[in-house]
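Visitor: I am attaching a structure below and will ask some questions about it afterwards.
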């Protein structure tokens with residue numbers, strides 16, 4: 001126990017200093033009454049919009065890409081294991097399967113699903129909203 | 001495998017191929033007109049191939065698919081119905097903003113699922129066809145992203161997922177009991193007196209839940225009115241015909257070999273579903289103020305009439321069911337086609353009040369709708385009468401006294417609400433909204449359906465002969 005008293009002194013000194021700073025700044029400090037004084041972010045700038053933004057996460061695109069890449073891999077690996085057993089019929093079936101998914105990928109690519117926020121149309125609309133909000 | 005071997009499968013493959021081709025086309029060039037023509041071309045080609053496919057039928061493809069006369073008949077009417085839906089869609093979608101081309105891709109995919117269902121002889125293909133059909137339908141139902149469209153889509157999604165889970169569990173129980181998922185093997189194992197525990201009827205009952213949901217049989221019908229109200233009119237036409245017809249065909253193929261009359265509890269369950277659907281569908285339709293909801297309840301009742309045919313499994317009942325389904329397709333498509341053609345740019349023409357004085361504004365459409373409603377009510381000289389007459393004949397032959405009594409009672413109730421709409425069509429009207437031209441494709445499709453309706457009602461013999469020869473060849 002005898003070795004613990006420096007720690008108690010340290011704790012007491014810390015508390016005293018913090019309490020002293022807060023009390024002194026309360027007694028001696030300036031008082032401001034600004035518009036943005038009570039806001040959560042004390043930068044002095046009024047917030048422009050609500051913090052609750054709607055962010056387009058495009059879950060459906062993620063889902064489609066999941067089917068095209070991950071599920072395809074699962075099936076193709078299963079086919080690879082039985083490659084010799086299934087023969088040419090299996091090869092044809094697998095090619096049809098991959099072909100259909102390839103068409104879906106081409107469709108998604110052309111629909112702009114691979115451009116996350118950088119397609120020409122989107123860029124223009126982003127800049128417009130950026131000007132209004134003062135942020136990007 | 002040569003081309004000749006593949007020929008019976010081509011009508012099933014063509015819509016899928018067309019869907020992939022359209023998807024590829026859409027990646028590089030968007031044109032509503034071209035897309036619609038391609039989709040219609042694919043469906044028409046599949047339809048034209050069916051007589052040639054019949055020559056190679058019946059043909060089994062492994063354990064999974066069996067393409068026989070009945071499957072090709074159902075596939076044929078499904079392709080024709082999808083063609084009519086595509087025709088309704090063109091004018092309907094042209095008035096709407098946003099991407100409309102994907103509607104046809106989804107329509108073709110759903111049609112493929114339906115065609116696979118009709119030819120399925122194994123639970124794997126049954127489930128696969130059902131899912132292709134259903135997943136495409138989720139999007140087709142919510143295609144217009146209004147509040148009602150989203151509500152309808154979400155309702156269908158949740159309820160369809162639950163019913164599919166029940167169906168899968170039923171399949172698993174049957175597999176646990178008998179060790180096979182082939183319809184014919186299940187039936188032959190049961191015939192041979194394989195020892196079964198309670199799992200077997202429980203499995204069949206759970207499959208009935210899945211099928212009952214798709215056919216909107218009471219008490220699994222709760223989604224139908226809201227979905228029919230919120231979905232685009234062409235989707236509703238598809239939902240009430242192709243979706244139900246395909247599932248009914250698959251249910252027929254699965255349940256008839258099971259020989260329901262020899263399984264008392266299952267027989268009673270199906271009979272109860274049929275009778276309750278007939279009465280509840282007709283009674284609930286009485287006080288609806290929305291024509292889409294009336295048609296939804298009316299289709300519940302019609303599926304009840306049809307489900308009664310599962311109870312005997314005789315060739316006569318099978319023939320009656322096939323003819324009834326054909327007549328129901330023609331009638332229901334016609335009624336929904338008129339609604340699609342009348343749907344204005346802003347909202348759909350759906351309140352019965354909206355139809356006041358239609359005969360003055362659109363005499364042809366009003367005439368077509370009148371005929372369709374009379375056929376739904378089962379008036380003589382229309383397909384609806386003759387098909388209901390065949391149902392009654394088959395039902396009486398199978399001694400289904402209670403279901404047939406319910407059929408007569410339900411039809412009598414039904415006349416009231418059909419005639420109420422017809423009276424509204426011919427009621428005088430003061431301030432008429434502007435007349436809109438119907439797109440020629442929808443007009444042609446409705447015209448063809450009206451001609452078919454009268455032809456089937458007046459001279460059904462050739463179609464009946466075809467159906468009977470198909471059944472004789474299949475059995």
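Computed from the coordinates by the stated procedures, all read-outs in this text should not be read as laboratory data. Values in this document were obtained by computation on a predicted structure and should not be read as measured data. Neighbour counts run over all protein chains shown; Cβ positions are idealised from the backbone, glycine included.
Visitor: Please sort B:380-389, A:104-113, B:117-126 by packing, taking for each peptide the average over its residues of neighbouring beta carbons within 10 angstrom, highest first.
Guide: Highest-to-lowest ranking by the protection proxy: B:117-126, B:380-389, A:104-113.
Visitor: For the range B:173-212 and the range B:432-475, what is the centre-to-centre distance using only Cα atoms, to the nearest Å?
Guide: The two parts, judged by their Cα centres, are 38 Å apart.
Visitor: Still on this structure, I have one more. Compute the separation of the alpha-carbon centres of the range B:353-381 and the range A:71-99 and state it in Å as a whole number.
Guide: Cα centroid to Cα centroid, the span is 54 Å.
Visitor: Show that you can apply the helix-only estimate: for chain B, add -39,500 (n - 2.57) for every DSSP H stretch of four or more residues, divide by all residues, and state [θ] at 222 nm to the nearest 500. Please report the intermediate quantities before stating the final value.
Guide: Values: 21 runs with 357 residues, N = 475.
Estimated from H runs of four or more residues: -25000 deg cm²/dmol.
Visitor: Normalised by the residues of the range B:3-474, what does the relative contact order come to in percent, with Cα pairs under 8 Å and at least six apart? Please list the in-between numbers first.
Guide: Details: 777 pairs, mean separation 74.4, N = 472.
After rounding, I find 16 percent.
Visitor: Related question: Using the Cα atoms of the protein assembly as shown to build a convex hull, what is its mean projected area in square nanometres?
Guide: Averaging across all directions leaves 43.8 nm² for the Cα convex hull.
Visitor: Given N residues in the range A:57-111, what is Rg(Cα) / (2.2 N^0.38 Å)?
Guide: This ratio for the range A:57-111 stands at 1.30.
Visitor: Mind pulling the angle between the C-alpha long axis of helix B:383-397 and the longest principal axis of chain B? Nearest 10 degrees, somewhere in 0 to 90.
Guide: 20
Visitor: Using the 10 angstrom Cβ neighbour count as an exposure proxy, how do B:37, A:88 rank, fewest first?
Guide: The most exposed by this proxy come first: A:88, B:37.
Visitor: Over the alpha carbons of the range B:3-474, what is the largest minus smallest coordinate on each principal axis, giving the biggest first in Å?
Guide: 71, 55, 43
Visitor: Only Cα pairs under 8 Å and at least 6 apart count here; give the relative contact order of the range B:38-130 as a rounded whole percent. Mind dumping the intermediate values first?
Guide: Values: 91 pairs, mean separation 31.5, N = 93.
The normalised contact order for the range B:38-130 reaches 34 percent.
Visitor: Now for a separate question. What list do you get for B:220, A:75 if you sort them by fewest beta carbons within 10 Å?
Guide: So the ranking, lowest neighbour count to highest, is A:75, B:220.
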